[in-house]
1. Would it be correct to say that Arg100 is surrounded by fewer than 23 Cβ atoms within 10 Å (Cβ to Cβ), of a type outside the set (S, T, N, Q), more than 8 Å from the ligand (Cβ to nearest atom) and without any contact (Cβ under 8 Å) to a residue 12 or more places away in the chain?
2. I'd like to check something: does the stretch 175-187 contain any residue that is assigned to a strand (DSSP E or B), hydrophobic (A, V, I, L, M, F, W, C) and more than 8 Å from the ligand (Cβ to nearest atom)?
3. What are the pairs, 6+ residues apart or on separate chains, where a residue within the stretch 109-136 that is closer than 18 Å to Val218 by Cα has its Cβ under 8 Å from a residue that is among the charged types (D, E, K, R) and within 8 Å of the ligand (Cβ to nearest atom)?
4. Could you tell me which numbered condition Lys160 fails, if it satisfies all but one of (1) within 8 Å of the ligand (Cβ to nearest atom); (2) farther than 20 Å from Leu216 by Cβ; (3) open to solvent by 60 Å² or more (accessible area, probe 1.4 Å)?
5. Looking at (1) more than 9 Å from the ligand (Cβ to nearest atom); (2) of a type in the set (A, V, I, L, M, F, W, C); (3) closer than 22 Å to Cys175 by Cβ, which is the only condition Leu150 fails?
6. Quick one: Ala79 ticks every box in (1) closer than 29 Å to Cys217 by Cβ; (2) in contact (Cβ under 8 Å) with a residue 60 or more places away in the chain; (3) touching a Leu at 6+ places or on another chain (Cβ under 9 Å); (4) surrounded by fewer than 16 Cβ atoms within 10 Å (Cβ to Cβ) except a single one, so which number is it?
7. Scan the stretch 168-180 and report the pairs whose first residue is of a type in the set (Val, Ile, Thr) and whose second residue is at pLDDT 95 or above and in a loop (DSSP other than H, G, I, E, B), with Cβ atoms within less than 8 Å and a gap of 6+ or a chain change.
8. For the stretch 125-139, which positions are open to solvent by less than 10 Å² (accessible area, probe 1.4 Å) and not in a loop (DSSP other than H, G, I, E, B)?
Amino acid sequence: MPAEQENYQKLKAFALVQGVSLFGVADITSIQDTFSIEPKGSIASLSRGVCVAIRLSDAVLDSLVDRPTLLYKHHYREANELLDTVAFRVANLIEQWGCRAMPIAASQIIDWRRQSSHVSHKKVAVLAGLGWLGRNNLLVTPRYGARIRLVTVLTDLPLKVDEPLQEDCASCRDCLTVCPAGAIHEKQEEFDHQACFEQVRHFAKKENIGYYICGLCVKACKGRDR
Ligand code: B12
């Protein structure tokens, strides 16, 4: 078996036993210039993005009505913690094999004005074939819809790459009316980032949630393959 294939299978098996739900590998050379990691040369050789997703609890999401709850906040934090742990362990394993690997935080904002991070997990996930960008501006997977969270490890380990899916939301419009800010429209490109941001800021401050979260568009997008 070619090394790329064998590494892929070993890494996927390692990730799956730790509770991740989806695994994919992207060729990230086309999006490396969008990453905010300095110095740029430090990641030039890291041409693969290992992307994993964990599914969120249906019971927790189904309990949301019109705002985030303390239950959802805890679940969100636990999901981030598990993702960060898995990314750390995956990166560690790759470095034990003699290659380089950089885990990217599940949820860390490095530029508050632009509301951006080192790497967009959604972009890597699209290229890794995990799903597509939905009307709700989230990564939508065939099996779990948007009811997942993501993390990425950048690496130079020789790995087989997955292909992006040729799918979209088709006629599904389940998310269109649920957004309390009215940020979701017919096309993903029409998503109103500012309205979404104002809404999650309101929840964080006025509803005492303390995090910029909401969850209603995540809840609405259940996935069609289950
Ligand atoms: C900052 C941030 C926010 C900010 C603003 C986000 C923004 N600017 O879009 C705020 C606080 C408002 C926010 C809100 C939410 N967030 Co948020 N957020 C992030 C974070 C930490 C960074 C995002 C970032 O860097 N954005 C910068 C822009 C430029 O990148 P982008 O939005 O990913 O992609 C844009 C373009 O690059 C382009 N694009 C997208 N894909 C591709 C692919 C290719 C090939 C190309 C060329 C371009 C391209 O289109 C996008 C514009 O819409 C990420 C974690 C991460 N590191 O990715 C989580 C993340 C995006 N958030 C997430 C979630 C779930 C939420 C919320 C539902 C809150 C919640 N948890 O309850 C809401 C919903 C927002 C929504 N419907 O879009 C999840 C999404 C999971 C999923 N299924 O997609 C992420 C990935 C966290 C995670 N670890 O899973 N978030």
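1. On the way: surrounded by fewer than 23 Cβ atoms within 10 Å (Cβ to Cβ): yes; of a type outside the set (S, T, N, Q): yes; more than 8 Å from the ligand (Cβ to nearest atom): yes; without any contact (Cβ under 8 Å) to a residue 12 or more places away in the chain: no.
Against the criterion (surrounded by fewer than 23 Cβ atoms within 10 Å (Cβ to Cβ), of a type outside the set (S, T, N, Q), more than 8 Å from the ligand (Cβ to nearest atom) and without any contact (Cβ under 8 Å) to a residue 12 or more places away in the chain), Arg100 does not qualify.
2. Applying the first criterion (assigned to a strand (DSSP E or B)) to the stretch 175-187 yields none.
No; the residues of the stretch 175-187 include none that is assigned to a strand (DSSP E or B), hydrophobic (A, V, I, L, M, F, W, C) and more than 8 Å from the ligand (Cβ to nearest atom).
3. Correct list of pairs: Leu133/Lys122.
4. Against the list (1) within 8 Å of the ligand (Cβ to nearest atom); (2) farther than 20 Å from Leu216 by Cβ; (3) open to solvent by 60 Å² or more (accessible area, probe 1.4 Å), Lys160 comes up short only on (1).
5. (1)
6. (4)
7. As it stands, the answer is Val178/Ile184, since those pairs meet every condition given.
8. Correct list: Ala125, Leu139.
The values are calculated or read from the model by the stated rules, or taken from the named source; none is laboratory data. Since the structure is predicted, the reported quantities are computational estimates derived from the model, not experimental observations. Ideal geometry is used to build each Cβ from the backbone, glycine not excepted, and the neighbour counts take in all protein chains shown. All accessible areas refer to the heavy atoms of the entire protein, side chains included, with ligands and DNA or RNA removed. Shrake-Rupley method; radii C 1.70, N 1.55, O 1.52, S 1.80 Å.
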